[in-house]
Amino acid sequence: MDAFVSHVPFSSKRVQAAAVYCSDGRFGEQIDDFLENGLGLPRYDRLAVPGGAACLASHFDTYREEEAALAHLKFLVDVHGLRRVVLIAHQDCAFYLERLKTSPLQLGIQQRDDLQKAIARVHRLAHHLMVETYLARQEGQNICFEPV
(Lines give C-alpha, C1' and ligand atoms only; values in the text may rest on other atoms or scores of the structure.)
Protein backbone atom coordinates (compact mmCIF):
# COMPACT_ATOMS: atom_id res chain seq x y z
CA MET A 1 0.00 0.00 0.00
CA ASP A 2 1.23 3.48 -0.80
CA ALA A 3 1.28 6.15 1.86
CA PHE A 4 -2.10 7.62 2.70
CA VAL A 5 -2.30 11.41 2.59
CA SER A 6 -4.96 13.05 4.72
CA HIS A 7 -6.53 16.09 3.15
CA VAL A 8 -7.76 17.39 6.49
CA PRO A 9 -5.83 20.64 7.02
CA PHE A 10 -3.40 20.61 9.94
CA SER A 11 -3.70 23.28 12.63
CA SER A 12 -0.99 23.71 15.24
CA LYS A 13 -3.27 25.75 17.53
CA ARG A 14 -4.05 23.97 20.79
CA VAL A 15 -7.44 24.22 22.48
CA GLN A 16 -5.93 23.46 25.92
CA ALA A 17 -8.43 20.69 26.63
CA ALA A 18 -8.26 16.93 26.99
CA ALA A 19 -10.86 14.19 27.15
CA VAL A 20 -10.55 10.97 29.12
CA TYR A 21 -12.92 8.30 27.88
CA CYS A 22 -13.28 4.57 27.26
CA SER A 23 -11.50 3.15 24.24
CA ASP A 24 -14.66 1.28 23.16
CA GLY A 25 -14.70 2.05 19.44
CA ARG A 26 -18.49 1.85 19.22
CA PHE A 27 -18.65 5.29 20.88
CA GLY A 28 -15.71 6.94 19.08
CA GLU A 29 -17.52 8.94 16.42
CA GLN A 30 -20.21 10.10 18.84
CA ILE A 31 -17.62 11.19 21.40
CA ASP A 32 -15.75 13.16 18.73
CA ASP A 33 -19.04 14.75 17.63
CA PHE A 34 -19.99 15.64 21.21
CA LEU A 35 -16.62 17.13 22.06
CA GLU A 36 -16.24 19.09 18.84
CA ASN A 37 -19.83 20.17 18.21
CA GLY A 38 -21.47 19.84 21.63
CA LEU A 39 -18.67 21.37 23.69
CA GLY A 40 -16.78 23.31 21.00
CA LEU A 41 -13.49 21.44 21.43
CA PRO A 42 -11.84 20.78 18.07
CA ARG A 43 -8.43 19.09 18.23
CA TYR A 44 -8.71 18.14 21.91
CA ASP A 45 -6.05 15.89 23.45
CA ARG A 46 -7.27 12.31 23.87
CA LEU A 47 -6.68 9.79 26.62
CA ALA A 48 -8.73 6.77 25.56
CA VAL A 49 -8.28 3.74 27.80
CA PRO A 50 -10.53 0.82 28.73
CA GLY A 51 -13.01 2.10 31.30
CA GLY A 52 -12.10 5.74 30.72
CA ALA A 53 -12.21 7.71 33.96
CA ALA A 54 -12.59 4.47 35.96
CA CYS A 55 -8.80 4.36 36.05
CA LEU A 56 -8.82 7.69 37.93
CA ALA A 57 -11.23 6.55 40.65
CA SER A 58 -8.72 4.78 42.93
CA HIS A 59 -9.89 1.20 42.36
CA PHE A 60 -7.43 -1.24 43.93
CA ASP A 61 -7.51 -3.42 40.80
CA THR A 62 -6.55 -0.52 38.53
CA TYR A 63 -3.67 0.99 40.51
CA ARG A 64 -1.18 0.61 37.65
CA GLU A 65 -3.60 2.04 35.10
CA GLU A 66 -4.27 4.99 37.41
CA GLU A 67 -0.59 5.79 37.80
CA ALA A 68 -0.04 5.59 34.04
CA ALA A 69 -3.12 7.70 33.23
CA LEU A 70 -2.11 10.34 35.77
CA ALA A 71 1.41 10.48 34.34
CA HIS A 72 0.01 10.95 30.83
CA LEU A 73 -2.46 13.58 31.99
CA LYS A 74 0.25 15.43 33.95
CA PHE A 75 2.40 15.48 30.83
CA LEU A 76 -0.47 16.98 28.82
CA VAL A 77 -1.17 19.56 31.52
CA ASP A 78 2.47 20.63 31.64
CA VAL A 79 3.39 20.50 27.96
CA HIS A 80 0.10 21.38 26.27
CA GLY A 81 -1.06 23.87 28.89
CA LEU A 82 -4.38 22.16 29.59
CA ARG A 83 -7.06 24.18 31.28
CA ARG A 84 -10.02 21.85 30.80
CA VAL A 85 -10.56 18.10 31.15
CA VAL A 86 -13.69 16.23 30.10
CA LEU A 87 -14.34 12.81 31.64
CA ILE A 88 -16.81 10.52 29.88
CA ALA A 89 -18.24 7.18 31.00
CA HIS A 90 -20.61 5.11 28.89
CA GLN A 91 -23.52 2.75 29.33
CA ASP A 92 -22.82 -1.01 29.45
CA CYS A 93 -19.06 -0.55 29.82
CA ALA A 94 -17.35 -3.95 29.68
CA PHE A 95 -14.43 -2.67 31.77
CA TYR A 96 -16.77 -2.21 34.72
CA LEU A 97 -18.71 -5.40 34.09
CA GLU A 98 -15.75 -7.70 33.41
CA ARG A 99 -12.65 -6.17 35.01
CA LEU A 100 -14.20 -4.48 38.04
CA LYS A 101 -17.00 -7.08 38.37
CA THR A 102 -19.64 -4.38 38.81
CA SER A 103 -23.21 -5.65 38.81
CA PRO A 104 -25.19 -4.45 35.78
CA LEU A 105 -27.77 -3.11 38.26
CA GLN A 106 -25.11 -1.00 40.00
CA LEU A 107 -23.22 0.09 36.89
CA GLY A 108 -24.69 3.58 36.48
CA ILE A 109 -24.37 4.34 40.19
CA GLN A 110 -20.75 3.14 40.24
CA GLN A 111 -19.87 5.17 37.16
CA ARG A 112 -21.36 8.36 38.61
CA ASP A 113 -19.49 7.77 41.87
CA ASP A 114 -16.26 7.10 39.97
CA LEU A 115 -16.64 10.27 37.91
CA GLN A 116 -16.84 12.27 41.14
CA LYS A 117 -13.75 10.52 42.51
CA ALA A 118 -11.96 11.16 39.21
CA ILE A 119 -12.72 14.89 39.45
CA ALA A 120 -11.04 14.99 42.86
CA ARG A 121 -8.08 13.00 41.56
CA VAL A 122 -7.58 15.30 38.57
CA HIS A 123 -7.81 18.35 40.83
CA ARG A 124 -5.09 16.90 43.08
CA LEU A 125 -2.96 16.60 39.96
CA ALA A 126 -3.62 20.18 38.85
CA HIS A 127 -6.06 22.25 40.90
CA HIS A 128 -6.57 24.90 38.20
CA LEU A 129 -8.25 22.53 35.74
CA MET A 130 -11.92 22.85 34.91
CA VAL A 131 -13.21 19.27 35.00
CA GLU A 132 -16.52 18.20 33.47
CA THR A 133 -18.16 14.77 33.60
CA TYR A 134 -20.68 13.07 31.33
CA LEU A 135 -22.39 9.72 31.01
CA ALA A 136 -23.03 8.53 27.45
CA ARG A 137 -26.09 6.35 27.00
CA GLN A 138 -27.91 4.96 24.02
CA GLU A 139 -31.32 6.33 23.03
CA GLY A 140 -32.45 4.31 20.02
CA GLN A 141 -29.73 4.78 17.39
CA ASN A 142 -28.39 7.92 19.08
CA ILE A 143 -25.99 8.50 21.94
CA CYS A 144 -27.02 11.06 24.57
CA PHE A 145 -24.36 12.72 26.74
CA GLU A 146 -25.77 13.63 30.15
CA PRO A 147 -23.85 15.89 32.53
CA VAL A 148 -23.04 14.15 35.80
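Considering region 1-27, and only residues there that are without any contact (Cβ under 8 Å) to a residue 12 or more places away in the chain and closer than 23 Å to residue 111 by Cα, the residue that is surrounded by the fewest Cβ atoms within 10 Å (Cβ to Cβ) turns out to be 25.
In summary, strands (runs of 3 or more DSSP E) completely within region 82-148 and bearing 2 or more residues that are touching an Asp or Glu at 6+ places or on another chain (Cβ under 7 Å) and modelled with pLDDT of 95 or more occur at 84-90, 130-139.
One residue alone among 48, 19, 68 is assigned to a helix (DSSP H, G or I) and among the aliphatic types (A, V, I, L, M), and that residue is 68. Among all residues of region 23-31, there is none that is aromatic (Phe, Trp, Tyr), outside any loop (DSSP other than H, G, I, E, B) and at pLDDT below 95. Of the candidates 136, 120, the single residue that is within 14 Å of residue 53 (Cα to Cα) and buried (at least 18 other Cβ atoms within 10 Å of the Cβ) is 136.
Does residue 111 qualify as being of a type outside the set (D, E, K, R) and in contact (Cβ under 8 Å) with a residue 40 or more places away in the chain? For residue 111, the condition - of a type outside the set (D, E, K, R) and in contact (Cβ under 8 Å) with a residue 40 or more places away in the chain - is met. A Cβ distance below 9 Å, combined with a sequence gap of six or more or placement on separate chains, defines the contacts here; from region 80-94, residues that are in contact (Cβ under 8 Å) with a residue 60 or more places away in the chain and of a type in the set (Lys, Arg) reach residues that are part of a strand (DSSP E or B) and crowded, with 22+ Cβ neighbours inside 10 Å in the pairs 83/17; 84/17; 84/18. Would region 138-147 turn up any residue that is among the charged types (D, E, K, R) and in contact (Cβ under 8 Å) with a residue 24 or more places away in the chain? There is no residue in region 138-147 that is among the charged types (D, E, K, R) and in contact (Cβ under 8 Å) with a residue 24 or more places away in the chain.
Just one of 96, 134 is in contact with a strand residue (DSSP E or B) (Cβ under 7 Å, 6 or more places away or on another chain) and among the hydroxyl-bearing types (Ser, Thr, Tyr); which is it? So the residue among 96, 134 that is in contact with a strand residue (DSSP E or B) (Cβ under 7 Å, 6 or more places away or on another chain) and among the hydroxyl-bearing types (Ser, Thr, Tyr) is 134. Put simply, of 109, 88 the only residue that is closer than 26 Å to residue 143 by Cα, within 16 Å of the chain's Cα centre (by Cα) and of a type in the set (A, V, I, L, M) is 88. State whether the residues of region 44-65 include one that is of a type outside the set (A, V, I, L, M, F, W, C), in contact with a Cys (Cβ under 7 Å, 6 or more places away or on another chain) and free of Cβ contacts under 8 Å to residues at least 24 places away in the same chain. Yes, region 44-65 contains a residue that is of a type outside the set (A, V, I, L, M, F, W, C), in contact with a Cys (Cβ under 7 Å, 6 or more places away or on another chain) and free of Cβ contacts under 8 Å to residues at least 24 places away in the same chain.
Selection over region 21-65 of residues that are within 18 Å of residue 121 (Cβ to Cβ) and small (Gly, Ala, Ser) gives a count of 7.
The values are calculated or read from the model by the stated rules, or taken from the named source; none is laboratory data. Worth saying up front: this structure is predicted, and the values here are computed from it rather than measured. A quick note on method: Cβ atoms are made from the backbone with ideal geometry, for glycine too, and the neighbour counts reach across all protein chains shown.
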